[in-house]
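Only one structure is covered here, and it is reproduced in the block below.
The values are calculated or read from the model by the stated rules, or taken from the named source; none is laboratory data. These figures come from a predicted structure and were not determined experimentally. Here Cβ is always computed from backbone atoms with ideal geometry, including for glycine, and neighbour counts include all displayed protein chains.
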Amino acid sequence: MSEASHLLLVTFLSIGLLLYLVLRVKLHPFLSLLITAMFLGVTSGMPLSKVNTAIQNGLGGTLGFVATVVGIGGIFGQILEASGGTEAIARNLIRRFGKDKAHWSLVMAGFLIAIPVYFDVGFIILVPVVYALAKDTKRSTLFYAIPLLAGLAVTHTFVPPTPGPVAVADMLGADLGWVILIGSLIGLPVAILAGPVFGSYISKKIDVAPPPKHMMEELNNGTEQSECSLPSFTAVATIIGMPLLLMVVKSVIELLIKLGYMQEGIAYDISVFVGHPFTALIIATLMAAYFLGTRRGFTRKQLLDVSAKALAPAGMIILIIGSGGAFKEMLIQSGVGNVLAEGISATKLPPIVLAFIIAAAVRITLGSATVSMITAAGIIGPILEAYTLSEIHLALIVISIASGATILSHVNDSGFWLVGKYLGLTEMQTLRSWTVMETIIALGGFGIALLLSFFV
């Protein structure tokens, strides 16, 4: 057996081991990815003394950036949640659109809210709004739930600073500003198609009434706030949009300088500093802490407790992402990346297509969108080193991975059961609604990304 064949065999065995550990052994993805990385290093013929060093370098190199962004982003999102900022966005949009067009407002609310807030948290906070609308209008709950879910799901995987796209962008060396811009441009039409459009159709096929009042109260856990106690829509929207705008402006200025339309100077230095994800998110978090916290009666102790609460789920995500970075580093150090690059070049399969296929395969098998994105990025990252790609093309590959990691959510995905439980759906109804919605997002996002890749 040639060296190349041996390395390819080892790679496939490593992926098989990862699937076995997660699915059958029920080992946590963090440990599973680390064990898989070790297995890959040892079986590929790496000196044993270098295996752990590669894992350490992979973890450190990944977490140096990602841990900071995810940590700050987690605190930012938790402050918005605790202050009622997320609910303020939803209620304001519904009031502006009117109840007749509330499904359009909900897709926009989901899209905005999922930028700072985790998918499941955003859904749980806003599902009472869905119940209330369905009860008032006598429509199927899905008429309002699907648009909300589509907005949340698209941003969760397409738009930083959510952990998945942040990690993938870092592992592929993509600029976050371009990922935000491209992810938003692709995500919005896809969210509309999977949300209000598909929601209007499926709600006619599956008529689901909101749960009884006592169940609604139990699910809500008494967290719903009165309209007058909520912060202003303008303040919340400004605070959410601030870090995104700063990062996008930085990327645009860098492009203009690269093209010769601008010269480096004080404007460039300032944009690079304030547009860096660290600075941009810190500014947004401090603004949220002051305007949504301190000025609205939060004590320093309450803000500290809110921040501490945010870091628990963020820490788990950070560890998973770090172990994915270790896996990627092992692929590089073992030489597997070069072999895969040569193999892909021979098949003439574009990296953007391969990225989607790998992410989709892991997603369908494992269920976790985050793990799917990290695994796909770890495999595709070394391959991209053989290509000269623009920042925009790299951003499109990030979206392609995100699309693949969204497809065909089913019984092995926690989101499948979360949605089914809160909406009172049977497993078949969840497959016909939630699963199809996720697949529309995946195919739509990949299709647009692939089309755009021919022009950049």
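Every residue in segment 40-52 that is within 23 Å of ILE318 (Cβ to Cβ) and surrounded by 18 or more Cβ atoms within 10 Å (Cβ to Cβ), please. Explain how you work it out, then say what you get.
We begin by selecting, within segment 40-52, every residue within 23 Å of ILE318 (Cβ to Cβ); these are 40-41, 51-52.
The answer is LEU40, GLY41, VAL51.
Being surrounded by 14 or more Cβ atoms within 10 Å (Cβ to Cβ), of a type outside the set (Gly, Ala, Ser) and out of contact with any His (no Cβ under 8 Å at 6 or more places or on another chain) is true for just one of LEU256, LEU303. Which residue is that?
Details: LEU256 fails: surrounded by 14 or more Cβ atoms within 10 Å (Cβ to Cβ).
Step by step, each of LEU256, LEU303 is checked, and only LEU303 is surrounded by 14 or more Cβ atoms within 10 Å (Cβ to Cβ), of a type outside the set (Gly, Ala, Ser) and out of contact with any His (no Cβ under 8 Å at 6 or more places or on another chain).
Please state which one of ILE202, ILE270 is crowded, with 17+ Cβ neighbours inside 10 Å and modelled with pLDDT of 90 or more.
On the way: ILE270 fails: crowded, with 17+ Cβ neighbours inside 10 Å.
Of the residues listed, the single one that is crowded, with 17+ Cβ neighbours inside 10 Å and modelled with pLDDT of 90 or more is ILE202.
Which helices (runs of 4 or more DSSP H) does segment 314-419 wholly contain that include 3 or more residues that are buried (at least 23 other Cβ atoms within 10 Å of the Cβ) and under 18 Å from the mean Cα position of the chain (by Cα)?
351-366, 369-384, 391-404
Report, ordered by the first and then the second residue, all pairs with beta carbons closer than 9 Å, sequence separation of six or more or different chains, a first member in segment 261-274 that is in contact (Cβ under 8 Å) with a residue 60 or more places away in the chain and outside any helix (DSSP H, G or I), and a second member that is exposed (fewer than 11 other Cβ atoms within 10 Å of the Cβ) and of a type in the set (S, T, N, Q).
none
Within the bounds of segment 141-149, is there any residue that is over 15 Å from LEU396 (Cα atoms) and at pLDDT below 90?
Step one: list which residues in segment 141-149 are over 15 Å from LEU396 (Cα atoms), which gives 141-149.
From the residues that got through so far, the ones that are at pLDDT below 90 too are none.
Checked against the condition, which is being over 15 Å from LEU396 (Cα atoms) and at pLDDT below 90, segment 141-149 yields no hits at all.
If I go through segment 38-94 residue by residue, how many of them are hydroxyl-bearing (Ser, Thr, Tyr), farther than 20 Å from THR375 by Cβ and in contact with a Leu (Cβ under 9 Å, 6 or more places away or on another chain)?
Summing the residues that are hydroxyl-bearing (Ser, Thr, Tyr), farther than 20 Å from THR375 by Cβ and in contact with a Leu (Cβ under 9 Å, 6 or more places away or on another chain) in segment 38-94 gives 3.
So THR426 ticks every box in (1) within 18 Å of VAL197 (Cα to Cα); (2) in contact with a helix residue (DSSP H, G or I) (Cβ under 8 Å, 6 or more places away or on another chain) but one. Which box is left unticked?
Checking THR426 against (1) within 18 Å of VAL197 (Cα to Cα); (2) in contact with a helix residue (DSSP H, G or I) (Cβ under 8 Å, 6 or more places away or on another chain), the one that fails is (1).
Considering each of PRO147, PRO161 in turn, give the residue that is outside any helix (DSSP H, G or I) and touching a Pro at 6+ places or on another chain (Cβ under 9 Å). Don't jump to the end; show me each part of the working.
Working: PRO147 fails: outside any helix (DSSP H, G or I).
After ruling out the rest, the residue left standing is PRO161.
Has segment 422-437 got any residue that is without any contact (Cβ under 8 Å) to a residue 40 or more places away in the chain, over 18 Å from LEU366 (Cα atoms) and not in a helix (DSSP H, G or I)?
Taking every residue of segment 422-437 in turn, at least one turns out to be without any contact (Cβ under 8 Å) to a residue 40 or more places away in the chain, over 18 Å from LEU366 (Cα atoms) and not in a helix (DSSP H, G or I).
Test PHE291 against the stated conditions and say whether it is under 30 Å from SER32 (Cα atoms), at pLDDT 90 or above and not in a loop (DSSP other than H, G, I, E, B).
no
Report yes if some residue within segment 123-143 is of a type in the set (Ser, Thr, Tyr) and within 18 Å of LEU245 (Cα to Cα); otherwise report no.
Checking segment 123-143: not a single residue is of a type in the set (Ser, Thr, Tyr) and within 18 Å of LEU245 (Cα to Cα).
Considering every residue within segment 67-76, establish whether at least one is surrounded by fewer than 19 Cβ atoms within 10 Å (Cβ to Cβ), of a type in the set (Phe, Trp, Tyr) and in contact with a helix residue (DSSP H, G or I) (Cβ under 9 Å, 6 or more places away or on another chain).
Scanning segment 67-76 turns up no residue that is surrounded by fewer than 19 Cβ atoms within 10 Å (Cβ to Cβ), of a type in the set (Phe, Trp, Tyr) and in contact with a helix residue (DSSP H, G or I) (Cβ under 9 Å, 6 or more places away or on another chain).
Take the residues in segment 38-74 that are among the hydroxyl-bearing types (Ser, Thr, Tyr) and in a helix (DSSP H, G or I), then tell me which one is modelled with the lowest pLDDT.
Among residues in segment 38-74 that are among the hydroxyl-bearing types (Ser, Thr, Tyr) and in a helix (DSSP H, G or I), the one modelled with the lowest pLDDT is THR62.
For the structure I just gave you, tell me whether ALA174 is part of a loop (DSSP other than H, G, I, E, B) and closer than 21 Å to GLY241 by Cα.
Criteria met by ALA174.
Collect the residues in segment 7-28 that are crowded, with 22+ Cβ neighbours inside 10 Å and closer than 20 Å to THR62 by Cα, keeping them in residue-number order.
Across segment 7-28, the qualifying residue is only LEU18.
THR234 - would you say it is crowded, with 21+ Cβ neighbours inside 10 Å and either among the hydroxyl-bearing types (Ser, Thr, Tyr) or not in a helix (DSSP H, G or I) (or both)?
no
Check whether at least one residue in segment 3-12 is more than 25 Å from HIS276 (Cβ to Cβ), assigned to a helix (DSSP H, G or I) and hydroxyl-bearing (Ser, Thr, Tyr), and report yes or no.
yes
Are any of the residues in segment 188-196 free of Cβ contacts under 8 Å to residues at least 60 places away in the same chain and under 26 Å from ARG432 (Cα atoms)?
No: segment 188-196 contains no residue that is free of Cβ contacts under 8 Å to residues at least 60 places away in the same chain and under 26 Å from ARG432 (Cα atoms).
Test of understanding: among LEU389, LEU384, which residue is in contact with a helix residue (DSSP H, G or I) (Cβ under 9 Å, 6 or more places away or on another chain) and in contact (Cβ under 8 Å) with a residue 40 or more places away in the chain?
The match here is LEU384.
Quick one: which residue in THR430, THR426 is surrounded by fewer than 20 Cβ atoms within 10 Å (Cβ to Cβ), among the hydroxyl-bearing types (Ser, Thr, Tyr) and more than 27 Å from VAL166 (Cβ to Cβ)? Walk me through how you get there before you give the answer.
On the way: THR430 fails: surrounded by fewer than 20 Cβ atoms within 10 Å (Cβ to Cβ).
On inspection, the qualifying residue turns out to be THR426.
Residues of segment 85-126 being crowded, with 22+ Cβ neighbours inside 10 Å and not in a helix (DSSP H, G or I), which ones?
ALA114, ILE115, PRO116, VAL117, TYR118
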